[in-house]
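The values are calculated or read from the model by the stated rules, or taken from the named source; none is laboratory data. All values reported here derive from a predicted model rather than from experimental measurement. Cβ coordinates were reconstructed from backbone atoms using ideal geometry, including for glycine residues, and neighbour counts include every protein chain displayed. These accessible areas exclude ligands, DNA and RNA; they are computed on the full protein's heavy atoms, side chains included. Shrake-Rupley method; radii C 1.70, N 1.55, O 1.52, S 1.80 Å.
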Amino acid sequence: MRDGLRRSPKQLPPWLFYDEAGSLLFEAITTLPEYYLTRMERELLSMHAGGMIAQAAEGHRLRLVELGAGSADKTRTLLAAALAHQGEVEYLPVDVSASALEVACRRIEAELPGVTTRPVVADYTQGWSLPPSDGRTDGQPGGETDKYATVRELLLWIGSSIGNFEPEAAEALLRRINAAMQPGYGLLLGVDLAPCAGGKCVGELLAAYDDEAGVTARFNMNLLVRLNRELGADFDVDRFAHWAEWNARASRIEMHLESLCEQRVHIPGQGEDGLTVHFAAGERMHTENSYKYTLEGASALMARAGFPVVERWTDHGEWFAVMLGRKL
Ligand code: AVJ
């Protein structure tokens, strides 16, 4: 945070949004009329879950691994389809929040008998290791009665979380994941698509990040509330405002916090670590990028990372896409 506030322009990383209040605000965002992403992805997943599972499995038993699972709300239709496919399924949600994982796993095991959950508490950008499959090792038969010879993994990275990464960083992360996978393993990626002729317009995209009810504004501003509470900073939240814009050149939505007047903010620290930050009137502090891809761009990125696309599902207007790639 200190590093980001000393930069010009000032910037803070988006993962700072997600304290308890921020996580609740994000949940509220996903139900906003303007925030089409969650709604459309959920629709694609529930409409095509059977096809996605069949295409990923190709006659093998699947186990599902999910990056940044959170409440795992949208994953349930995929798990239900996997149950229909193979009777039992192992689900390994990876998330930094142990509490979110615990709630999600308890709910899933109660609602979907046959699903065994194995939560993995980890920051997936830092690498992780998965427990072996069901006491057996990958590639081993599941027993005399198992109609599927081998186990395949399907990695879920949905919710368009990829949008928060610089495209090069997203590709590097997928490459690293790919290197740890076996041939045939799949990646199911949820991607929010860039505005285009015949698709969503910039106004509709921007509205998703600057909603009428002001929930996204509170989500953005909560960052300052958090810094005040956790670091004893003295941000006057009434002197900052939510700002969202579409950066066409970089193909991303940017969120900023705009200083409404010239002001100084103090963040206490030990000894030399205390920091006084000056804001000019109108100065913006960059808090989030949300990259939007074209279908071609997303396919090319997946292919470069070692997951050539085998199938993709989109709505008629091509607002959102779910893409399945497979390691060769
Ligand atoms: C969780 C990264 C997918 O970029 O749309 C929502 C976060 N920020 N509203 C997104 C977010 C503002 C969200 N992701």
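Among the trypsin sites (Lys or Arg not before Pro) in region 248-312, those located in a DSSP loop and surrounded by at most 12 other Cβ atoms within 10 Å of their own Cβ are 249.
Percent of Cα pairs in the chain per distance bin of 10 Å, from zero to the largest separation: 5, 24, 31, 23, 12, 4, 1, 0.
Within a straight-line Cα-Cα reach of under 22 Å, residue 74 can be paired with the following lysines, leaving aside sequence neighbours fewer than 8 residues apart in one chain: 292.
Per-residue 3J(HN,Hα) values for region 241-256, derived from phi via the Karplus relation 6.51 cos²θ - 1.76 cosθ + 1.60 with θ = phi - 60°, read 9, 5, 9, 10, 8, 9, 9, 5, 4, 8, 6, 8, 7, 10, 10, 9 Hz in sequence order (x marks Gly and Pro).
Heavy-atom surface analysis with a 1.4 Å probe gives the chain a carbon and sulfur content of 52 percent of its accessible area. Of all the options 230, 254, 102, the one that moves most in a Gaussian network model of the chain with Cα springs shorter than 10 angstrom is 230.
Straight distance only, please: which aspartates and glutamates reach the Cα of residue 327 with their own Cα at less than 12 Å, same-chain residues fewer than 8 apart left out? Answer for residue 327, where 12 Å is the Cα cut-off: 153, listed by chain and number. Kirkwood hydrodynamic radius of region 49-191, from the reciprocal of the average inverse Cα-Cα distance over all distinct pairs: 15.4 Å. Compared with the dominant Cα axis of the chain, that is its longest principal axis, helix 215-231 is turned about 70°.
Pairwise Cα distances in region 1-128 exceed 23 Å in 43 percent of cases. Relative to the longest principal axis of the Cα atoms of the chain, the long axis of helix 295-304 makes an angle of roughly 70 degrees.
Relative to the first principal axis of the alpha-carbon coordinates of the chain, what is the inclination of helix 20-29, with its axis defined by its Cα atoms, in degrees from 0 to 90 and to the nearest 10? The helix 20-29 is inclined about 70 degrees to the chain. In the context of the full set of protein chains, residues of the chain present 46 Å² of accessible surface per residue (probe radius 1.4 Å, heavy atoms only). Here's how it looks for residue 252: its modeled amide H is under 5 Å from those of 247, 292, which are all 5 or more places away or on a different chain. A Förster radius of 30 Å, combined with the Cβ-Cβ distance separating residue 273 from residue 237, puts the computed FRET efficiency at roughly 0.80.
Taking amide H as placed 1.01 Å from N in the peptide plane, residue 90 has its amide H under 5 Å from the amide H of 64, 116, each at least 5 places away in sequence or on another chain. Antiparallel beta bridges, as assigned by DSSP with both residues in the chain, represent about 60 percent of the total such bridges. When each of the peptides 173-182, 3-12 is scored by the mean number of other C-beta atoms lying within 10 Å of its residues, the order from highest to lowest reads 173-182, 3-12.
Considering only 171, 318, 109, the Gaussian network model of the chain with Cα springs below 10 Å gives its largest mean-square fluctuation to 109.
Working from Cα pairs under 8 Å separated by at least six residues, relative contact order for the chain is 20 percent. Across region 147-158, rounded Karplus estimates of 3J(HN,Hα) from the backbone phi angles (6.51 cos²θ - 1.76 cosθ + 1.60, θ = phi - 60°) give 7, 9, 6, 9, 9, 10, 9, 10, 8, 9, 10, 10 Hz, Gly and Pro being marked x.
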